[in-house]
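The values are calculated or read from the model by the stated rules, or taken from the named source; none is laboratory data. These numbers were taken from a predicted model, which means no experiment stands behind them. No Cβ is skipped: glycine too gets one built from the backbone with ideal geometry, and neighbour counts run over all protein chains shown.
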Amino acid sequence: MNDEIKKGLLGIVVDETTVSQVMPDINSLTYRGYAVQDLCEKCIFEEVAYLVLNGELPNKSQLNKFKKELDKNRNITINLREIIKHMPKKSHPMDVARTAVSVMGLEDKETNNNSSEANMRKAIRIFAKTPTAIAAFFRARKGKNVIPPKKNLSFSENFFHMCFGKVPKKEIVKAFDVSLILYAEHSFNVSTFTARTITSSLSDIHGAITGAIASLKGPLHGGANEEVMRMMNKIKKPENANKWINNSLDKKEVVMGFGHRVYKSGDSRVPTMKKYFKKVAEITKDKKFHKIYDIVEKVMIERKNIHPNVDYPTGPTYHLMGFDTDFFTPIFVISRITGWSAHIMEQHKANKLIRPLSKYSGEKYRKVLLLNQR
Ligand code: CMC
């Protein structure tokens with residue numbers, strides 16, 4: 001037995017996938033063979049969600065059918081809405097999202113049916129309902145009325161509508177859509193691997209997505225977009241940025257929104273998201289965070305040669321759109337449900353129980369002493 005330890009599974013290839021390809025050498029990320037940058041410029045989020053789930057881009061009639069399916073499934077039950085309304089107001093919205101998907105599993109009539117057809121139907125239901133659940137908590141914790149989804153609004157428009165009661169300018173909606181496209185899928189990251197691990201025991205999709213949400217919450221993964229905003233708020237103004245980031249590096253602190261396990265010379269999603277962050281900053285006439293962004297990025301590259309990851313531009317973008325900081329990672333969830341679902345279905349199709357080995361480093365073999373002898 002080879003007992004060499006690869007902590008964090010660093011560099012280990014554990015399976016194959018057809019969902020996406022990360023190519024750090026040429027700074028590229030493709031979903032089902034299409035470059036994300038291209039998808040961002042030519043598609044709306046629903047087209048990309050369809051692609052990730054089904055393997056092909058939809059034609060007009062397939063897209064319309066998919067949109068109708070989402071419209072039909074957007075409402076959450078009164079039961080779930082009441083549970084969300086009664087959750088402690090201080091709950092982290094990621095914990096609310098995790099609980100909401102778990103409750104959806106209790107309510108879904110096909111929970112224990114793991115056939116491909118049932119899994120696709122369940123994936124669409126989870127994808128359609130989770131934004132409604134998250135938006136319900138966005139408002140309920142502020143003592144505001146919960147706004148139900150509206151038919152014939154796009155996925156992104158509906159989320160704004162359910163959170164704020166209105167839909168912003170189309171440029172803002174486009175920037176949000178782009179962020180969702182960029183967040184949809186990223187091969188064997190920790191939350192996706194969690195989802196596949198749960199699936200590998202032949203467990204159900206609601207359970208796998210619940211576990212994936214818990215995994216995404218951590219600041220080394222999706223939680224980084226919130227931490228970026230907290231950092232920018234601490235920096236307060238561009239004049240402080242240079243000193244703040246240099247101090248932070250002197251103290252050997254980890255700077256959130258920078259670095260990546262796979263991309264070592266830049267995250268392929270960043271240039272696109274940065275472009276849309278700039279647009280949002282122009283529209284909202286708020287240049288402060290944009291200036292802080294540039295200064296911190298410059299110092300990180302000059303001093304450490306560590307580049308930003310996608311959470312760096314999304315954090316301040318969501319802030320300028322009006323979302324509370326602790327809702328940034330739940331926004332990541334509503335998009336990544338597509339990638340997780342595609343991987344869960346892929347895992348089911350060619351399943352092998354995921355069960356690695358460990359090297360024991362505990363006590364040597366010993367005899368149990370009876371209670372009165374210890
Ligand atoms: N700030 C300061 N130093 C860093 C950073 C950072 N953000 N990232 C890496 N380093 C240093 C690290 O200290 C280490 O230095 P040394 O070799 O001197 O000990 C070296 O770079 C290698 O880093 P590592 O942590 O061993 O690399 P990893 O591949 O295990 O970690 C990472 C990748 C994402 C966990 C890490 O870069 C990190 O903690 N970044 C901040 C959190 C973050 O932004 N996460 C989002 C990840 S991408 C999108 C997503 O999943 O949501």
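State whether one or more residues within the range 203-225 are of a type in the set (Ser, Thr, Tyr), within 16 Å of the ligand (Cβ to nearest atom) and not assigned by TED's automatic domain parsing to the domain that holds residue 339.
no
Here's the yes/no breakdown for (1) under 20 Å from residue 184 (Cα atoms); (2) among the basic types (Lys, Arg); (3) within 16 Å of the ligand (Cβ to nearest atom):
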position: 4; (1), (2), (3): no, no, no
position: 30; (1), (2), (3): yes, no, no
position: 34; (1), (2), (3): yes, no, no
position: 42; (1), (2), (3): yes, yes, no
position: 47; (1), (2), (3): yes, no, no
position: 50; (1), (2), (3): yes, no, no
position: 55; (1), (2), (3): yes, no, no
position: 58; (1), (2), (3): yes, no, no
position: 61; (1), (2), (3): no, no, no
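From the list 366, 355, 374, 261, which one is among the charged types (D, E, K, R) and within 20 Å of residue 185 (Cα to Cα)?
Sole residue among the options that is among the charged types (D, E, K, R) and within 20 Å of residue 185 (Cα to Cα): 261.
Of a type outside the set (Gly, Ala, Ser) and surrounded by fewer than 17 Cβ atoms within 10 Å (Cβ to Cβ): which single residue out of 130, 111 fits that description?
111
Among (1) touching an Asp or Glu at 6+ places or on another chain (Cβ under 6 Å); (2) assigned by TED's automatic domain parsing to the domain that holds residue 131, where does residue 310 come up short?
Looking at each condition in turn, residue 310 falls short on (2).
Using beta carbons and a limit of 7 Å, which pairs, at least six apart or on different chains, have the first residue in the range 252-269 and aliphatic (A, V, I, L, M) and the second one within 6 Å of the ligand (Cβ to nearest atom) and outside any loop (DSSP other than H, G, I, E, B)?
256/224
Residues that are at pLDDT below 95, within 15 Å of the chain's Cα centre (by Cα) and among the aliphatic types (A, V, I, L, M): which helices (runs of 4 or more DSSP H) entirely in the range 98-193 hold 1 or more of them?
none
Which count do you get for residues in the range 317-365 that are surrounded by fewer than 20 Cβ atoms within 10 Å (Cβ to Cβ) and part of a loop (DSSP other than H, G, I, E, B)?
18
Working only within the range 254-269, note down all residues that are under 18 Å from the mean Cα position of the chain (by Cα), within 22 Å of residue 26 (Cβ to Cβ) and near the ligand (Cβ under 10 Å from one of its atoms).
258, 259, 260, 261, 262, 263, 267, 269
Within the range 285-299, can one find any residue that is touching a strand residue (DSSP E or B) at 6+ places or on another chain (Cβ under 7 Å) and not in a helix (DSSP H, G or I)?
The answer is no; no qualifying residue exists.
Any residue in the range 328-336 that is closer than 29 Å to residue 194 by Cβ, more than 11 Å from the ligand (Cβ to nearest atom) and either free of Cβ contacts under 8 Å to residues at least 60 places away in the same chain or among the polar types (S, T, N, Q) (or both)?
yes
Filter the range 302-327 down to the residues that are closer than 19 Å to residue 166 by Cα and either within 14 Å of the ligand (Cβ to nearest atom) or of a type outside the set (D, E, K, R) (or both) and list them by number.
Listed by number, the residues that qualify are 317, 318, 319, 320, 321, 322, 323, 327.
Could you identify the single residue in 243, 275, 251 that is away from the ligand (no atom under 15 Å from the Cβ) and over 24 Å from the mean Cα position of the chain (by Cα)?
243 is the lone residue from the list that is away from the ligand (no atom under 15 Å from the Cβ) and over 24 Å from the mean Cα position of the chain (by Cα).
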